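Taken together, the values in this text are just the output of simple stated rules run on the coordinates, not laboratory data. Remember, it's a predicted structure, so these values are computed and weren't measured experimentally. With ideal geometry, Cβ positions are generated from the backbone for all residues, glycine too; neighbour counts draw on all protein chains shown.
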Amino acid sequence: MNLAGAQLTENELMRLTVSNIAQATSLPALIQEHGRWCCQRCGDRKPVQLPDGRFYCSACVSLGRLTNRDLLYRFEQPHRPVGDGLLTWHGTLTPAQQKASTALQTSVTAGADHLIWAVTGAGKTEMLFPTISQMVQQGKRVAIVSPRIDVIRELAPRLRTAFATTPIAVRYGGHFDQTDSDLLLATVHQLLRFHRAFDLIVVDEVDAFPMAGTPMLHRAVQGARRGPVVYLTATPDRPLKAAMRKGLMVSRLFRRFHGHPLPVPAIRLMNFKKLPSQLPPAIVKWVRDVVATGRSCLLFVPKISWAPQIAALVQRNGLRVAGVASTDRLRAEKITAFRQRQIQVLVTTTILERGVTVPKCAVGVVAAADRAFTASALVQIAGRAGRAADSADDPVVFFTDRYTLALLAAKRQIVMMNGR
Amino acid sequence: MLHNRALFVYDAAMKQWIYQYKGLGDYRLHDAFQDLIAAQLQNARTLIAIPSESKHYDVRGFDPIQGLFGGLQLQPWLRKSPTAKPQAQKNRRERLQTPQSFTVLVPAAKLNQTKQITLVDDLYTTGRTLYHARDALVAAGFQGTVTAFTLIR
């Protein structure tokens, strides 16, 4: 396994059975700077003391605990290029996509960071292909990362088709792919295992949980880069908008690749007193109606515990239903079954607000006034609908018992983007 | 039979919690259940923590049971001698066949100053560990009753 640019713990090295430990430089995992411990893997400065006197970094503990008596191994030997980077994708970009793609390539060549602000379904991934291809052909290393595991799982087959002759390593929690490659597809967490390794990092859905509000993950990107970083999102957050004002290059795309406008959500007011033990008949009827039109249906609920309950309620109507949440071990299997239309209705939490793309899919949000549904979450959720050109007007309905700012802001944002 | 009370069942969430606390060694989690546990054990007379092996302490840097029940007064009356394999890595049959590894560190006279001992541990699976601890106390001459309290079963 090629470990160039890797930054690993002793335990990780033992599991990999690599022979070139001698080529690594070791450094203490935590060092003291001005009397404060600082984690050398993630840069966190608030380590926790153990009863035996050691300190450990709690910010990146999920990747294996590092204490001030552990070592971190960095591999800096020059890497051998792997893969030809030939683009085996034969689609064409729309003029708008082409313009953004060219602007991106210019920024990356100049070594500048870039933001692609594109509505859901604009075809962000395809716009990246020329730049990625160019970098890998030049023998450079590229990482495509996202805070969401489902985004990675969705991207993996698309990327493998687009770069059929280039090895791609796919890594996320519990899935450590040891392929030698210059193209890494991984969750942002995985970047903590690299140090100044990538000539280009693409961060997809940069404003998504848990990246928003976790500075450690932003430091992970900074620690693993040695070239420009490209950010992709449909809903830039405040830090990104601040960066735009400070001169971050931006490409804006407010049209979907098929040219149709985004489906505008309808807001339907109703009484929710009996949720989640009973589902209002109007919602049940809506679900049955959209399934009858040959569409799949994503039904979003605010709480993890509601997903199986509401799935069971919908199932009574003779539909093929499944419920998923972040805690669900069969999540990937259920999503695959939904994509293949073996499941007609998928009841889910905001975990699937991004990255899941199913053609001909209606979207409903139950209890849309709940705090779990922020404005950007609602925009992303609404963006699951109308992804295919032949069904661009899939219905999107927010079922709610009251109006909230987030609901109105989400609707306004969608109408605004359609108007541009 | 050993009477055991537990606060939680061993579901996916508790499995994840145990993994992060003991497996990854995230000591921050040690006080997560402190208030709940204190409320449950406020009437217990004598609490004895199930000790862990010293080599585990060296790796983790903390004793998970001492951390979990840290707000309470625990008697250090038991010691655990090294075993070949931790309970967590065994299947049910192997767990049940585990030999006795506890020794009692105080004389019978001291033990019998109390009538009731509550053993405290994090997880009750087959109960092997807790039964061994009780047997060791009885073998050392303890004549009162032994009950157990675990966070999870």
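Roughly what % of DSSP beta bridges within segment A:95-253 run antiparallel, to the nearest 5?
Working: 2 of 29 bridges.
Antiparallel bridges: around 5 percent, rounded to the nearest 5.
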- [ ] Quick one: work out the % antiparallel among DSSP beta bridges in segment B:72-153, nearest 5.
- [x] 30 percent
Task: Nearby lysines by direct alpha-carbon distance to A:Lys273 (threshold 30 angstrom, same-chain neighbours under 8 apart not counted) - done: A:Lys285, A:Lys303, A:Lys334, A:Lys411
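Give the shape of segment A:95-253 as rounded, prolate or oblate, defined through the alpha-carbon gyration tensor: a ≥ b ≥ c are the square roots of its eigenvalues, a/c under 1.5 means rounded, and otherwise the shape is prolate if a/b is larger than b/c and oblate if not. Could you put the intermediate results ahead of the total?
Numbers: a/c = 1.39, a/b = 1.14, b/c = 1.22.
Rounded is the answer for segment A:95-253, as its axis ratio a/c remains below 1.5.
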Task: Contour minus Cα-Cα distance for A:Gln315 and A:Arg69 (0.36 nm per residue) - done: 83.1 nm
- [ ] Could you run the Debye sum over the Cα atoms of segment A:6-75, one equal point scatterer each and no solvent, and tell me log10 of I(q)/I(0) at q = 0.19 Å⁻¹, two decimals?
- [x] -0.72
TODO: Could you tell me what fraction of 2.2 N^0.38 Å the Cα radius of gyration of segment B:49-110 comes to, as a two-decimal ratio?
DONE: 1.25
TODO: Quote the FRET efficiency, to the nearest 0.05, computed for A:Thr179 versus A:Arg45 with a Förster distance R0 of 35 Å and r equal to the Cβ-Cβ distance.
DONE: 0.55
Task: Choice from B:Arg134, B:Arg28, B:Arg95 showing the highest fluctuation, given a GNM over chain B with Cα pairs closer than 10 Å - done: B:Arg28
- [ ] Just the number, please: percent antiparallel of the DSSP beta bridges in the protein assembly as shown, rounded to the nearest 5.
- [x] 25 percent
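Averaged over its residues, how many other protein chain Cβ atoms are within 10 Å of peptide A:27-36's Cβ atoms?
On the way: counts 0, 0, 0, 0, 0, 0, 0, 0, 0, 0.
Average per residue, whole number: 0.
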Open item on the list: Report the Cα centroid-to-centroid distance between segment A:159-193 and segment B:79-153 in angstrom, as an integer.
Closed with: 47 Å
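Looking at segment A:1-130, what % of the alpha carbon pairs are farther apart than 25 Å?
Numbers: 4473 of 8385 pairs.
Every Cα pair in segment A:1-130 considered, those over 25 Å come to 53 percent.
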- [ ] Take chain A, connect every pair of alpha-carbon atoms lying under 10 Å apart with a spring to form a Gaussian network, then pick out the residue of A:Ala220, A:Ala369, A:Ala292 with the largest mean-square fluctuation.
- [x] A:Ala292
TODO: Assign one of three labels to segment B:1-77, namely rounded, prolate or oblate, based on the Cα gyration tensor with a ≥ b ≥ c the square roots of its eigenvalues; rounded applies when a/c is under 1.5, prolate when it is not and a/b is larger than b/c, and oblate otherwise.
DONE: oblate
Task: Number of partner chain Cβ atoms within 10 Å, mean per residue of A:60-67 - done: 3
Open item on the list: Going Cα to Cα from A:Lys360, which aspartates and glutamates come in below 16 Å? Please leave out same-chain ones fewer than 8 positions away.
Closed with: A:Asp289, A:Asp390, A:Asp393, A:Asp394
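With the Cα gyration tensor of the protein assembly as shown giving a ≥ b ≥ c as the square roots of its eigenvalues, does the rule (a/c under 1.5 for rounded; else a/b larger than b/c for prolate; else oblate) give rounded, prolate or oblate?
Numbers: a/c = 2.45, a/b = 1.47, b/c = 1.67.
Taking the square roots of the gyration eigenvalues as a ≥ b ≥ c, the protein assembly as shown is oblate.
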TODO: Could you give the size of the charge dipole of segment A:266-419 about its Cα centre, using +1 on the Cβ of each K and R and -1 on the Cβ of each D and E, expressed in debye and rounded to the nearest 20?
DONE: 220 debye
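I'd like the FRET efficiency for A:Ala388 and B:Met1, computed as 1/(1 + (r/R0)^6) with the beta carbon distance as r and R0 of 60 Å, rounded to 0.05. Mind dumping the intermediate values first?
Values: r = 63 Å, r/R0 = 1.05.
Plugging the Cβ-Cβ distance into 1/(1 + (r/R0)^6) gives 0.40.
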Task: Cysteines having no other Cys beta carbon under 4.7 Å from their own, within the protein assembly as shown - done: A:Cys38, A:Cys297, A:Cys361
Task: Given charges at Cβ of Lys, Arg, Asp, Glu: chain B dipole, positive-most of B:Met14, B:Pro86, B:Leu29 - done: B:Pro86
